[in-house]
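Student: Please read through the structure below; I'll follow up with questions.
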Amino acid sequence: MSAVSDFPDWGDPHSPANSYRLSQGYITETFPETSVPNMVTAVLADYRGYDTMFETVVIFTAGIAIIAILRRYGPKDKVVPEQKLYKKEPDLIVETTCRLMIPIIQLFALYVVAHGHHSPGGGFQGGVIFGASFILLALARDLQAAQKWVPENRILNLAGIGIFIYSGFGFLCLLLGSNFLDYSILHKVMGVTPIEARSHSMLGVEIGVAFTVAAIMFSIYSNLASKGEMKEGL
Amino acid sequence: MIIEIICIVLVLSGLLFLVGGAIGIIRFPDFYTRMHAAGKGDTMSVFLILIGVAIYQLNDFSIANLLVAGKIFFITIFIMWAGPTSTHALIKAGIDEGQKVWTREDKKGKPDA
């Protein structure tokens, strides 16, 4: 506790962490180098793009692990007593509100994804909001209604497509003769300046992240809520 | 100046509703009355506070501030819309689950009328 008083003041611009020339470099160089106003996104998706790719893989692996542990196929285990599931009759107010609200939530999620390199937001946040819209559908109706839109095999396909988009951007850079995830080379296929190509590629990888996060969010919810049966739940 | 006074009045009355909702959650006897206090108090207080903040944004008028005020207004609409619905869903779940309704007789120890 006595050491706490030696910490620099909160938000002190002259503290060692803030005055070190690496952070100064990010603050001054991000916009000229990438034409992205949001430095956090630039560091996340461009300078540290390799980290973020494997963060997406971590989320994918978490989803796979949840499915591997919880998902149950075949006849029910008779030893475990069948829990009486809460039978839900449809409720007019909740259903109408969700019917009006879910499209708006999904539109907002796409806005968050698409605006991630200009304002706070990005693939992870937008993906979570998009997955939450399906969870809301599953809560308001039942799991079957949401499964009609995102069945189980489509969840895994979408999660894989997300990582494929992200690593595809990396390998496209390799194919064009640059380093892995060095987006500036992509100006050859995008038809913009190398600096703008970095900005556009960041949007591309954010979309990949959003695919994976949204799919895995709903997968985790539906597995947990239905005890792995994927039939009915909360 | 007038705008600032309006903002202060709106935010303070919002805080009053928030305190009322918080006291209601603690003091009311059963599930339904507590949800009543929480749902109504929170919706109204968040509405008043956010409207006050939105008007404060318009104090020095510019297009950027108008955009921020519009976004705050959308949040307000969303909360006015989602809050009562979630309260309704919770109350309905409480009825289905069999929560007892508090009556005055419960307090005196008499059997339910």
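Student: To the nearest hundred square angstrom, how large is the accessible surface buried between B and A, total for both chains, probe 1.4 angstrom? Don't skip to the answer; put the middle values down first.
Tutor: Working: alone 8150 and 14200 Å², together 21470 Å².
Separately minus together, B and A give about 900 Å² buried.
Student: In degrees, nearest 10, range 0 to 90: what is the angle between the Cα axis of helix A:92-114 and the longest Cα principal axis of chain A?
Tutor: Compared with the principal axis, the helix lies near 20 degrees.
Student: Accessible surface of A:D142 in the full protein assembly, 1.4 angstrom probe, to the nearest 10 Å²?
Tutor: Ignoring ligands and nucleic acids, A:D142 comes out at about 70 Å².
Student: Sticking with this one: Please report the spacing between the Cα centers of region A:1-77 and region A:170-184 in Å, no decimals.
Tutor: 22 Å
Student: I'd like the accessible area for A:V40: 1.4 Å probe, protein heavy atoms, all chains in place, Å² to the nearest 10.
Tutor: 110 Å²
Student: I'd like the residues of region B:72-106 whose 1.4 Å-probe accessible area shrinks by no less than 30 Å² going from the isolated chain to the full set of protein chains.
Tutor: Those are B:F78, B:W81, B:T85, B:H88, B:K92, B:D96, which lose 30 Å² or more relative to the chain on its own.
Student: Sticking with this structure for a sec: What's the tally of Lys pairs in chain B whose alpha-carbon atoms lie under 21 angstrom apart, where the two lysines are 8 or more places apart or on different chains? If you can, show how the numbers build up before the last one.
Tutor: Details: B:K40/B:K92; B:K40/B:K100; B:K92/B:K100; B:K100/B:K108; B:K100/B:K110.
Step by step, the pairs that qualify in chain B add up to 5.
Student: So, in chain A, how many Lys pairs have Cα atoms under 27 Å apart, if the pair is 8 or more places apart or on different chains?
Tutor: 21
Student: While we're here: Over all pairs of distinct alpha carbons, what does the Kirkwood formula give as the hydrodynamic radius of chain A, in Å?
Tutor: Values: mean 1/r = 0.0494 Å⁻¹.
Kirkwood hydrodynamic radius for chain A: 20.2 Å.
Student: Once phi is turned into ³J(HN,Hα) by the Karplus curve 6.51 cos²θ - 1.76 cosθ + 1.60 with θ = phi - 60°, what whole-Hz value does each residue of region A:129-139 show in order, with x for glycine and proline?
Tutor: Residue by residue, region A:129-139 yields 5, 5, x, 5, 5, 6, 5, 5, 4, 5, 6 Hz.
Student: If I fit a long axis through the Cα atoms of helix A:194-225 and take the longest principal axis of the Cα atoms of chain A, what angle between them do I get, 0 to 90°, rounded to 10?
Tutor: Between helix and principal axis, roughly 20 degrees.
Student: Okay, moving on. Just to check I understand the Karplus step: with θ = phi - 60° and J = 6.51 cos²θ - 1.76 cosθ + 1.60, what whole-Hz values come out for region A:9-21, glycine and proline as x?
Tutor: Using θ = phi - 60°, the values come out as 4, 5, x, 5, x, 9, 5, x, 5, 8, 8, 5, 6 Hz.
Student: Based on the alpha-carbon gyration tensor of region A:153-228, what equivalent-ellipsoid semi-axes (square roots of 5 times the eigenvalues) come out, in whole Å, largest first?
Tutor: 32, 11, 8
Student: Moving on to the next point. For helix B:31-57, what angle does its Cα long axis make with the longest principal axis of chain B, in degrees from 0 to 90 and rounded to 10?
Tutor: 0 degrees
Student: Could you tell me the distance between the Cα centroids of region B:46-72 and region A:134-163, to the nearest Å?
Tutor: For region B:46-72 versus region A:134-163, the Cα centre distance is 37 Å.
Student: Now for a separate question. Ignoring ligands, DNA and RNA, what percent of the 1.4 Å accessible area of region A:36-225 is carbon and sulfur?
Tutor: Numbers: 7140 of 10220 Å².
The value for region A:36-225 is 70 percent carbon and sulfur by accessible area.
Student: Under the definition of Cα pairs under 8 Å and six or more residues apart, what whole-number percent is the relative contact order of region B:2-99? Provide the component values of the computation, followed by the final result.
Tutor: Details: 102 pairs, mean separation 30.0, N = 98.
Relative CO of region B:2-99 lands at 31 percent.
Student: A follow-up question, please. I'd like to check one number: the per residue accessible area of region B:2-99, probe 1.4 Å, reported in Å² as a whole number.
Tutor: Numbers: 6020 Å² over 98 residues.
For region B:2-99, the per-residue accessible area is 61 Å².
Student: Once the Cβ-Cβ distance between B:A64 and A:E29 is put in as r, and R0 is 30 Å, what FRET efficiency do you end up with, to the nearest 0.05?
Tutor: On the way: r = 26 Å, r/R0 = 0.86.
Efficiency, rounded to the nearest 0.05: 0.70.
Student: For chain B, report the convex hull volume of the alpha-carbon atoms normalised per residue, in Å³, without decimals.
Tutor: Values: hull volume 10.8 nm³, N = 113.
In chain B, the Cα convex hull volume per residue is 96 Å³.
Student: Spin-label point model (7 Å from Cα, Cβ direction): what's the A:A145 to A:A65 distance in nm?
Tutor: 3.3 nm
The values are calculated or read from the model by the stated rules, or taken from the named source; none is laboratory data. This structure is a prediction, so every number in the text was calculated from the model and none was measured. Every residue, glycine as well, gets a Cβ built from its backbone with ideal geometry; the counts of neighbours run over all protein chains shown. Note: accessible area is taken over every heavy atom of the protein model, side chains too, but ligands, DNA and RNA are not part of it. Shrake-Rupley method; radii C 1.70, N 1.55, O 1.52, S 1.80 Å.
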